[in-house]
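Take a look at the structure below.
The values are calculated or read from the model by the stated rules, or taken from the named source; none is laboratory data. Just so you know, these numbers come straight off a predicted model, no measurement behind them. All Cβ positions, glycine included, derive from the backbone under ideal geometry; neighbour counts span all protein chains shown.
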Amino acid sequence: VYRAQVYHLSEQPGRWPSSQRVAYQVHPPKEDGTCEPLQTRPIRVYSLIYRVYAGLRFRELQPWQQKWVHPSLHGAQADHETAQTFMELGLDVAEAQADNQSLSGNLLDSIKHFDLYIHPLVVRIMVASGLPPWFVFLLADLWEEQQVFIKIGGHYGEGFSPFNGLGQGDVIALLVTN
């Protein structure tokens with residue numbers, strides 16, 4: 001019954017109620033003792049109702065994602081550990097060193113990975129990937145209409161509407177980035 005009520009709240013009208021489009025964002029340091037902007041993780045905290053909804057939908061969409069996701073992708077995947085990626089990378093580095101070969105790579109997280117996504121482009125990719133359009137447009141409504149408040153200590157800044165980026169800490173963002 002509760003699941004049906006959560007779904008009905010947003011899916012029936014095709015829009016999130018304005019009270020559910022509000023989030024706050026905290027910036028814990030990646031390393032102890034630093035507050036430099038590029039050394040923090042901007043974690044966006046959505047309403048409890050959205051988080052329940054996102055968790056339910058994420059579980060329902062897992063079988064769809066398993067049909068196309070590459071086996072080497074470990075983020076937000078059942079029976080996968082991100083530590084496996086580090087192990088594989090470590091073995092690649094050791095092999096390249098042993099064979100005296102060059103090796104290159106890219107670390108997206110060092111440049112605020114979740115901030116790079118442009119909402120209209122993400123919407124088009126999601127629809128082309130086979131996600132139900134009603135679900136994609138419901139997410140687009142959230143992204144386009146959300147008000148985010150930066151929280152520092154017990155204080156909140158003025159709200160703003162992000163024009164890009166996905167909420168780090170949002171399980172649906174993990175689905176989208178895969």
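Output the residues belonging to region 11-65 that are farther than 19 Å from residue 146 by Cα, among the charged types (D, E, K, R), in a helix (DSSP H, G or I) and within 15 Å of the chain's Cα centre (by Cα).
57, 59
So residue 160 ticks every box in (1) closer than 27 Å to residue 29 by Cα; (2) touching a residue at least 24 places away in the same chain (Cβ under 8 Å); (3) among the hydrophobic types (A, V, I, L, M, F, W, C) but one. Which box is left unticked?
Exception for residue 160: condition (2).
Are there any pairs, at least 6 apart or on different chains, whose C-beta atoms fall under 7 Å, with the first in region 1-28 and closer than 16 Å to residue 143 by Cβ and hydrophobic (A, V, I, L, M, F, W, C) and the second part of a helix (DSSP H, G or I) and at pLDDT below 85, and if so, which?
From region 1-28, the pairs are 16/10.
I'd like the residue in region 125-162 that is assigned to a loop (DSSP other than H, G, I, E, B) and in contact with a strand residue (DSSP E or B) (Cβ under 8 Å, 6 or more places away or on another chain) and, out of all such residues, is farthest from residue 16 (Cα to Cα).
157
Name the residue that is modelled with the lowest pLDDT, counting only residues in region 108-151 that are of a type in the set (A, V, I, L, M) and loosely packed, with under 15 Cβ neighbours inside 10 Å.
Taking the candidates together, the pick is 108.
Scan region 169-178 residue by residue and report those that are surrounded by fewer than 19 Cβ atoms within 10 Å (Cβ to Cβ) and not in a helix (DSSP H, G or I).
Passing the criteria: 169, 178.
Quick one: in region 12-63, which of the residues that are crowded, with 16+ Cβ neighbours inside 10 Å and among the charged types (D, E, K, R) is nearest to residue 113 (Cα to Cα)?
44
Could you check region 115-124 and list, in sequence order, the residues that are free of Cβ contacts under 8 Å to residues at least 60 places away in the same chain and either over 16 Å from the mean Cα position of the chain (by Cα) or not in a helix (DSSP H, G or I) (or both)? It would help to see each step written out before you state the result.
Of all residues in region 115-124, those free of Cβ contacts under 8 Å to residues at least 60 places away in the same chain come to 116, 118-124.
Those that are free of Cβ contacts under 8 Å to residues at least 60 places away in the same chain and either over 16 Å from the mean Cα position of the chain (by Cα) or not in a helix (DSSP H, G or I) (or both): 118, 124.
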